[in-house]
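The values are calculated or read from the model by the stated rules, or taken from the named source; none is laboratory data. Quick caveat, the model's predicted, so the values are computed rather than measured. Backbone-built Cβ (ideal geometry, glycine too); neighbour counts: all protein chains shown.
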Amino acid sequence: MKRSVGHVPGLAVVLVGDRRDSESYVRYKVKGCEEVGIKSLLAKLPGNCSEDEVMDSVSRFNEDPSVHGILVQLPLPEFMDEERILSTISLEKDVDGFHPLNVGNLALRSRNPLFVPCAAKACIELLLQSGIELMGKHVAVIGRSKVVGLPTSLLLQRHHATVSVIHAFTTNPEAITRESDIVISAAGVANLVRGSWLKQGAVVIDVGTNPIEDPTSDYGYRLTGDVCFEEAVNVASAITPVPGGVGPVTIAMLLGNTLDSAKRVYGQSD
Ligand SMILES: NC(=O)C1=CN([C@@H]2O[C@H](COP(=O)(O)OP(=O)(O)OC[C@H]3O[C@@H](n4cnc5c(N)ncnc54)[C@H](OP(=O)(O)O)[C@@H]3O)[C@@H](O)[C@H]2O)C=CC1
Ligand SMILES: Nc1nc(=O)c2c([nH]1)NC[C@@H]1CN(c3ccc(C(=O)N[C@@H](CCC(=O)O)C(=O)O)cc3)C=[N+]21
């Protein structure tokens, strides 16, 4: 393997506002960078700043040669035009894969995006690393957001799975999940998926990270998934827990995308 000394990959995070959950996700990302030797830069902007100020911050990171990946933490304040801001990220530094051109190229199977969104990549990685075949499988994806549901359903189709997308307007979602070999839930609703929603032996990937009140916890809340784990674990052949399931793998994918981006700049292929 070719190694080069002196090149340090860099990840820049733009955080707007003071949402507690966003701040803690950003902390995990910064900690992940520290653990593997990626330099992290954080631009923290107040929730009442202008859209132009966010775009200026992105532009500065676009120009900075020590930055190989740029991530704008979502959600942005409601008044901001998310797509407009994400479009200013240089395509080569879009390690989240949310630039409209990267999203479009993921959808077009004749093209390849430069980067694939990290949570979607994490779901596929977990399945493939566990030896779970995707070709011809029926997969139910709960959620259709740009962050998780949409890219996951597109990626699954690239792996020749048959995909049903369930969203807030889907009637009788459990009839669809009960017919599915694999259920991937990213709705953001605690305990949405019950044991009775699953076919015997189904594989369950729980992307949801939902804070629920817990006076016994130091923070006053704890995280729970979209899936009722205690019920599902008796029906599923494999299941991811929350916490400690998809989340840490998502962070690993982000660090991997940042490393790939740096390698592209320094001309290394391995
Ligand atoms: N572990 C990880 O690495 C990550 C975890 N997450 C977690 O995943 C969850 C989803 O995140 P994100 O996609 O950003 O959230 P969004 O709120 O953007 O999207 C939620 C999606 O779920 C659908 N939905 C909501 N309620 C229901 C319901 N009752 N039945 C069926 N579908 C429903 C919505 O449908 P509609 O479109 O119709 O509104 C929407 O498409 C959150 O808990 C988040 O914290 C997110 C990213 C990474
Ligand atoms: N531009 C952008 N990119 C994102 O990737 C993005 C985003 N915005 N906005 C919010 C969601 C959410 N998200 C998570 C990532 C890791 C964990 C994670 O590691 N969770 C730990 C939690 C550990 C704990 O708190 O105890 C776990 O599940 O084990 C969770 C959620 C990324 N998102």
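Identify all residues within region 228-270 that are near ligand 1 (Cβ under 9 Å from one of its atoms), surrounded by fewer than 16 Cβ atoms within 10 Å (Cβ to Cβ) and either of a type in the set (A, V, I, L, M) or assigned to a helix (DSSP H, G or I) (or both); write none if there are none.
Across region 228-270, the qualifying residue is only Pro248.
Show me the helices (runs of 4 or more DSSP H) found entirely inside region 1-120 where at least 1 residues are polar (S, T, N, Q) and within 16 Å of ligand 1 (Cβ to nearest atom). Step through it out loud before you land on a result.
On the way: elements: 20-36, 51-63, 82-87, 100-107.
Filter on region 1-120 gives 20-36.
Which of the following residues is within 11 Å of ligand 1 (Cβ to nearest atom) and either in contact with a Lys or Arg (Cβ under 9 Å, 6 or more places away or on another chain) or among the aromatic types (Phe, Trp, Tyr) (or both): Glu174, Glu179?
Glu174
Scan region 142-178 for residues that are in contact with a strand residue (DSSP E or B) (Cβ under 9 Å, 6 or more places away or on another chain), of a type in the set (Gly, Ala, Ser) and closer than 24 Å to Pro100 by Cβ and report the count.
Residues that pass the stated criteria total 3.
Just a yes or no: is a residue in region 164-172 outside the structural domain of Leu15 (by the TED database), under 23 Å from Pro243 (Cβ atoms) and not aromatic (Phe, Trp, Tyr)?
Checked region 164-172: no residue is outside the structural domain of Leu15 (by the TED database), under 23 Å from Pro243 (Cβ atoms) and not aromatic (Phe, Trp, Tyr).
Test each condition in (1) surrounded by fewer than 19 Cβ atoms within 10 Å (Cβ to Cβ); (2) under 21 Å from the mean Cα position of the chain (by Cα) for Val13 and report the one that comes out false.
Exception for Val13: condition (1).
Are any residues in region 129-165 crowded, with 23+ Cβ neighbours inside 10 Å and assigned to a strand (DSSP E or B), and if so, which ones?
Those that are crowded, with 23+ Cβ neighbours inside 10 Å and assigned to a strand (DSSP E or B): Val139, Ala140, Val141, Ile142.
Does Asp81 fit the bill of being loosely packed, with under 13 Cβ neighbours inside 10 Å and touching an Asp or Glu at 6+ places or on another chain (Cβ under 8 Å)?
yes
Of all residues in region 179-190, which are out of contact with any strand residue (DSSP E or B) (no Cβ under 6 Å at 6 or more places or on another chain) and among the β-branched types (Val, Ile, Thr)?
Val189
Between Lys93, Lys44, Lys146, which is out of contact with any Ser or Thr (no Cβ under 8 Å at 6 or more places or on another chain) and outside the structural domain of Ile176 (by the TED database)?
Matching residue, one of Lys93, Lys44, Lys146: Lys44.
Which residue is nearest to the chain's Cα centre (by Cα), if the candidates are limited to region 219-260 and must be within 15 Å of ligand 2 (Cβ to nearest atom) and small (Gly, Ala, Ser)?
Gly247
Restricted to region 206-227, and to residues that are assigned to a strand (DSSP E or B) and in contact with a helix residue (DSSP H, G or I) (Cβ under 8 Å, 6 or more places away or on another chain), which residue is surrounded by the fewest Cβ atoms within 10 Å (Cβ to Cβ)?
Only one residue fits best here, namely Pro211.
Report yes if some residue within region 77-99 is touching a strand residue (DSSP E or B) at 6+ places or on another chain (Cβ under 7 Å), closer than 17 Å to Val242 by Cβ and not aromatic (Phe, Trp, Tyr); otherwise report no.
Within region 77-99 (the criterion being touching a strand residue (DSSP E or B) at 6+ places or on another chain (Cβ under 7 Å), closer than 17 Å to Val242 by Cβ and not aromatic (Phe, Trp, Tyr)), the answer is no, since none of the residues qualifies.
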